[in-house]
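Enquirer: Have a look at this one.
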Amino acid sequence: MIVTLHAEKPEVVNATICEDKCTAMARTLFRRDVLRAFGEHHANKRGRDLVANAAALIRESGLDGTRATKAAARVLDPKYRSYRAALTTVGVDDAPARAALFKGYSKLDGIEQRQRIGVTFVIDSHVRRWFDGLARHVISALDDFEQQFAADDEDDDV
(Lines give C-alpha, C1' and ligand atoms only; values in the text may rest on other atoms or scores of the structure.)
Protein backbone atom coordinates (compact mmCIF):
# COMPACT_ATOMS: atom_id res chain seq x y z
CA MET A 1 0.00 0.00 0.00
CA ILE A 2 1.13 3.51 -0.79
CA VAL A 3 -0.46 6.24 1.32
CA THR A 4 -0.35 9.86 0.18
CA LEU A 5 -1.06 12.43 2.89
CA HIS A 6 -2.28 15.99 2.53
CA ALA A 7 0.63 18.43 2.77
CA GLU A 8 -0.87 20.43 5.64
CA LYS A 9 -3.73 18.43 7.17
CA PRO A 10 -3.68 15.01 8.84
CA GLU A 11 -5.71 13.31 6.13
CA VAL A 12 -5.23 10.77 3.38
CA VAL A 13 -5.36 12.17 -0.13
CA ASN A 14 -4.95 8.77 -1.79
CA ALA A 15 -4.24 5.17 -0.87
CA THR A 16 -2.91 2.90 -3.58
CA ILE A 17 -3.43 -0.79 -3.03
CA CYS A 18 -0.65 -2.65 -4.81
CA GLU A 19 -0.39 -6.15 -6.17
CA ASP A 20 3.12 -6.58 -7.61
CA LYS A 21 3.65 -10.00 -9.13
CA CYS A 22 6.54 -11.77 -10.79
CA THR A 23 5.37 -14.74 -12.81
CA ALA A 24 5.70 -16.41 -16.16
CA MET A 25 1.87 -16.54 -16.39
CA ALA A 26 0.94 -12.89 -15.86
CA ARG A 27 -2.54 -12.99 -17.41
CA THR A 28 -3.61 -16.02 -15.40
CA LEU A 29 -2.26 -14.56 -12.18
CA PHE A 30 -3.91 -11.20 -12.82
CA ARG A 31 -7.29 -12.79 -13.57
CA ARG A 32 -7.19 -15.38 -10.78
CA ASP A 33 -5.43 -13.63 -7.89
CA VAL A 34 -5.03 -9.89 -8.48
CA LEU A 35 -8.61 -9.18 -9.58
CA ARG A 36 -9.94 -11.30 -6.69
CA ALA A 37 -7.79 -9.40 -4.15
CA PHE A 38 -8.78 -6.03 -5.62
CA GLY A 39 -12.45 -7.07 -5.60
CA GLU A 40 -12.20 -7.98 -1.90
CA HIS A 41 -10.56 -4.64 -1.12
CA HIS A 42 -13.09 -2.78 -3.24
CA ALA A 43 -15.96 -4.38 -1.31
CA ASN A 44 -14.11 -3.53 1.95
CA LYS A 45 -13.96 -7.23 2.89
CA ARG A 46 -10.41 -6.48 4.03
CA GLY A 47 -11.26 -3.06 5.43
CA ARG A 48 -9.81 -3.74 8.86
CA ASP A 49 -6.46 -4.73 7.31
CA LEU A 50 -6.44 -1.67 5.06
CA VAL A 51 -7.03 0.72 7.95
CA ALA A 52 -4.47 -1.02 10.17
CA ASN A 53 -1.79 -0.98 7.45
CA ALA A 54 -2.53 2.62 6.50
CA ALA A 55 -2.44 3.70 10.17
CA ALA A 56 0.94 2.02 10.63
CA LEU A 57 2.33 3.84 7.58
CA ILE A 58 0.82 7.16 8.68
CA ARG A 59 2.31 6.83 12.18
CA GLU A 60 5.72 6.70 10.48
CA SER A 61 5.04 10.25 9.26
CA GLY A 62 4.83 11.46 12.85
CA LEU A 63 1.09 11.42 13.57
CA ASP A 64 0.18 9.87 16.89
CA GLY A 65 -1.92 6.68 17.10
CA THR A 66 -5.39 8.23 17.35
CA ARG A 67 -4.85 10.84 14.64
CA ALA A 68 -3.18 8.24 12.40
CA THR A 69 -6.10 5.84 12.78
CA LYS A 70 -8.62 8.61 12.13
CA ALA A 71 -6.72 9.66 8.98
CA ALA A 72 -6.39 6.03 7.87
CA ALA A 73 -10.16 5.47 7.98
CA ARG A 74 -10.37 7.41 4.73
CA VAL A 75 -8.86 4.45 2.85
CA LEU A 76 -12.28 2.80 3.13
CA ASP A 77 -13.74 5.38 0.74
CA PRO A 78 -13.18 4.28 -2.90
CA LYS A 79 -12.89 7.88 -4.12
CA TYR A 80 -9.58 8.14 -2.19
CA ARG A 81 -8.33 4.80 -3.43
CA SER A 82 -6.33 3.54 -6.41
CA TYR A 83 -5.34 0.04 -7.43
CA ARG A 84 -1.98 -0.80 -8.98
CA ALA A 85 -1.25 -4.12 -10.63
CA ALA A 86 2.40 -4.53 -11.59
CA LEU A 87 3.28 -7.63 -13.57
CA THR A 88 6.50 -8.95 -15.02
CA THR A 89 6.24 -10.41 -18.46
CA VAL A 90 8.61 -12.60 -20.39
CA GLY A 91 8.58 -11.83 -24.09
CA VAL A 92 5.36 -9.75 -24.07
CA ASP A 93 6.84 -6.55 -25.38
CA ASP A 94 4.19 -4.88 -27.57
CA ALA A 95 1.60 -2.48 -26.17
CA PRO A 96 -1.58 -4.34 -27.25
CA ALA A 97 -0.33 -7.61 -25.71
CA ARG A 98 0.60 -5.85 -22.46
CA ALA A 99 -2.80 -4.11 -22.33
CA ALA A 100 -4.54 -7.47 -22.81
CA LEU A 101 -2.95 -8.70 -19.57
CA PHE A 102 -5.25 -6.33 -17.66
CA LYS A 103 -8.54 -7.33 -19.29
CA GLY A 104 -11.33 -7.22 -16.69
CA TYR A 105 -9.77 -4.43 -14.62
CA SER A 106 -12.77 -2.20 -15.37
CA LYS A 107 -15.03 -4.53 -13.34
CA LEU A 108 -14.10 -2.50 -10.26
CA ASP A 109 -17.24 -0.36 -10.29
CA GLY A 110 -17.47 3.20 -9.06
CA ILE A 111 -13.91 4.28 -9.75
CA GLU A 112 -12.39 6.17 -12.63
CA GLN A 113 -9.87 4.80 -15.09
CA ARG A 114 -7.11 6.89 -13.48
CA GLN A 115 -7.64 4.86 -10.29
CA ARG A 116 -6.79 1.60 -12.08
CA ILE A 117 -3.04 1.46 -12.69
CA GLY A 118 -1.55 -1.35 -14.74
CA VAL A 119 2.19 -1.57 -15.29
CA THR A 120 4.48 -4.18 -16.74
CA PHE A 121 8.15 -4.92 -16.40
CA VAL A 122 9.24 -6.72 -19.54
CA ILE A 123 12.18 -9.05 -19.10
CA ASP A 124 13.73 -11.73 -21.21
CA SER A 125 14.15 -15.26 -19.95
CA HIS A 126 17.88 -14.98 -19.12
CA VAL A 127 17.17 -12.11 -16.70
CA ARG A 128 14.51 -14.21 -14.99
CA ARG A 129 17.00 -17.09 -14.60
CA TRP A 130 19.52 -14.61 -13.16
CA PHE A 131 16.95 -13.39 -10.59
CA ASP A 132 16.09 -17.00 -9.70
CA GLY A 133 19.78 -17.70 -9.08
CA LEU A 134 20.15 -14.55 -7.02
CA ALA A 135 17.10 -15.50 -4.94
CA ARG A 136 18.58 -18.95 -4.24
CA HIS A 137 21.85 -17.35 -3.07
CA VAL A 138 19.99 -14.91 -0.81
CA ILE A 139 17.90 -17.69 0.72
CA SER A 140 21.02 -19.78 1.30
CA ALA A 141 22.83 -16.84 2.93
CA LEU A 142 19.83 -16.15 5.17
CA ASP A 143 19.63 -19.83 6.16
CA ASP A 144 23.36 -19.81 7.00
CA PHE A 145 22.93 -16.62 9.03
CA GLU A 146 19.96 -18.08 10.89
CA GLN A 147 21.90 -21.24 11.72
CA GLN A 148 24.88 -19.19 12.90
CA PHE A 149 22.59 -16.96 14.99
CA ALA A 150 20.94 -20.02 16.56
CA ALA A 151 24.37 -21.55 17.31
CA ASP A 152 25.55 -18.27 18.90
CA ASP A 153 22.37 -18.22 21.01
CA GLU A 154 23.06 -21.76 22.24
CA ASP A 155 26.64 -20.77 23.17
CA ASP A 156 25.26 -17.87 25.24
CA ASP A 157 22.98 -20.23 27.17
CA VAL A 158 25.92 -22.36 28.40
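Enquirer: Of the conditions (1) modelled with pLDDT of 90 or more; (2) hydroxyl-bearing (Ser, Thr, Tyr); (3) open to solvent by less than 40 Å² (accessible area, probe 1.4 Å), Thr23 clears all except one; give me its number.
Expert: (1)
Enquirer: Now, a different point. Quick check on region 56-93: of everything there that is closer than 13 Å to Asn14 by Cβ and charged (D, E, K, R), which residue is most open to solvent (accessible area, probe 1.4 Å)?
Expert: Lys79
Enquirer: Restricting attention to region 7-30, does a residue exist that is basic (Lys, Arg) and farther than 30 Å from Arg129 by Cβ?
Expert: yes
Enquirer: Which residue pairs have Cβ atoms under 6 Å apart, sit 6 or more places apart or on different chains, and have a first residue in region 71-100 that is closer than 13 Å to Ile111 by Cβ and a second that is assigned to a helix (DSSP H, G or I)?
Expert: Tyr80/Arg74; Ser82/Gln115; Tyr83/Phe38
Enquirer: Also: Tally time: how many residues in region 94-110 are surrounded by fewer than 17 Cβ atoms within 10 Å (Cβ to Cβ) and closer than 25 Å to Ala15 by Cα?
Expert: So the count comes out to 7.
Enquirer: If you don't mind, there's one more thing I want to ask. Just to be sure before I move on: is Val34 open to solvent by less than 40 Å² (accessible area, probe 1.4 Å), touching a helix residue (DSSP H, G or I) at 6+ places or on another chain (Cβ under 8 Å) and not small (Gly, Ala, Ser) in the structure I sent?
Expert: Criteria not met by Val34.
Enquirer: Just wondering, is there one or more residues in region 39-46 that are more than 15 Å from the chain's Cα centre (by Cα), modelled with pLDDT under 95 and closer than 30 Å to Asp124 by Cα?
Expert: no
Enquirer: Which count do you get for residues in region 111-158 that are in contact (Cβ under 8 Å) with a residue 60 or more places away in the chain and exposed (fewer than 10 other Cβ atoms within 10 Å of the Cβ)?
Expert: Of the residues in that region, 0 qualify.
Enquirer: Mind counting the residues in region 2-11 that are open to solvent by 40 Å² or more (accessible area, probe 1.4 Å), part of a strand (DSSP E or B) and either over 16 Å from Glu60 (Cβ atoms) or of a type in the set (A, V, I, L, M) (or both)?
Expert: Of the residues in that region, 2 qualify.
Enquirer: Can you name every residue in region 1-59 that is of a type in the set (Gly, Ala, Ser) and either touching a His at 6+ places or on another chain (Cβ under 6 Å) or farther than 23 Å from Gln113 by Cβ (or both)?
Expert: Answer for region 1-59, where residues must be of a type in the set (Gly, Ala, Ser) and either touching a His at 6+ places or on another chain (Cβ under 6 Å) or farther than 23 Å from Gln113 by Cβ (or both): Ala7, Ala24, Gly47, Ala52, Ala54, Ala55, Ala56.
The values are calculated or read from the model by the stated rules, or taken from the named source; none is laboratory data. The structure displayed is predicted, hence computed values, not measured ones. Cβ atoms come from the backbone with ideal geometry, glycine included; neighbour counts cover every protein chain shown. Only protein heavy atoms, including side chains, enter the accessible area calculation; ligands, DNA and RNA are left aside. Shrake-Rupley method; radii C 1.70, N 1.55, O 1.52, S 1.80 Å.
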